[in-house]
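Shown next, in structure tokens, is the structure this report addresses.
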Amino acid sequence: MLTGKEAIFGLWYKRKGSSTSHKVNPVIDESSAEEFNIVPLLIKRIDDSTLLKRGGGLISDKKVLIIGCGSVGSDLLFLLSRSGLKNFTIVDNDKLSVENTYKHFLGMDKSLMSNFKVSLLKKELENRYPNIQINAVESEILSAIKNDKINFNDYDLIIVAIGNPNVERKLNELIHETNTPAIFTWAEAYGLGGHALMTNNKGSGCYECLINKKDLSFSSSFAGKSDVPFIKNLNGCAGSYTPYGSMDSMETALKAPRLAMRYIQNQVSGNPLLSWKGSDKSFLEEGFETSDRYKNVPFETLYHDNYDYIDPECKICSKHVEVNL
């Protein structure tokens, strides 16, 4: 059934035998039509405009830098690739290990190759989706910046998914020396929840605003203060990991791509914080306590853009005084 004003169809004019020596075009030269059999062809379009429209994506030439390609970073790269974005640079210096089989997008078969996550992701996604271009940088991000492999000004959007507050604070500072907006995203231990924070998108609000300067706690955190790290250990130091499941990383990864797509479509005002909240059962069973934010903030409130975290005296972003709420 035709639903538009145009239809695409294919016809193959198959020559009968080989008696005609001269070249003819049966579409133009009607007198030669009897020399051909007409065979109908089924046309399947695989151009971006067709495939992305069916997949609910958009066509965009934005250049996106993704820092960190672990469980959250690999999931959000996958989601953004399916959303229509085509130009990525991904940075990570870790190799994919078999221990991450159930947390990483690539799974066990790729982990047995003992290769860098970024190189494996590049090959996988360029094989999956047409016309996608991924620049894989096998390096720690601060080293990549120092060695001029990465310049934040070359990108339209930066997404940070490394889960290391010390490095993230430095990156936040460097990002605010440019005009490139960024999204920080991270998951909390034991499936307590996850967060996505927009920054450098006109006005105040940044990663540093979340940090209590007296005790270095995070105002966004669902975990209460603890002298014991929220990590588990299976096989000595090399087996240390932050305990959360694949659904927790995927739920967190959903926040950042949705925020990214909103930004690309000019639907984000200022620098909001978005969070999701999970069950505290496992967390409490380990002897930890949840934060007041976890206890007091209703689920439905977390789905709205939050600007309450902004510190008007933040040394990083306070110079951006215009906030359009």
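For this structure, a couple of remarks:
- Matching option when the condition is more than 21 Å from Asp308 (Cα to Cα) and without any contact (Cβ under 8 Å) to a residue 60 or more places away in the chain, among Ile145, Ile159: Ile145
- 3 or more residues closer than 27 Å to Pro181 by Cα and modelled with pLDDT of 65 or more: qualifying strands (runs of 3 or more DSSP E) within the stretch 1-108: 60-67, 85-91
- Residues of the stretch 289-316 classified as touching a strand residue (DSSP E or B) at 6+ places or on another chain (Cβ under 7 Å) and modelled with pLDDT under 90, total: 2
The values are calculated or read from the model by the stated rules, or taken from the named source; none is laboratory data. None of the values given here were measured: they were computed from a predicted structure. All Cβ positions, even for glycine, are placed from backbone atoms using ideal geometry, and neighbour counts span all protein chains on display.
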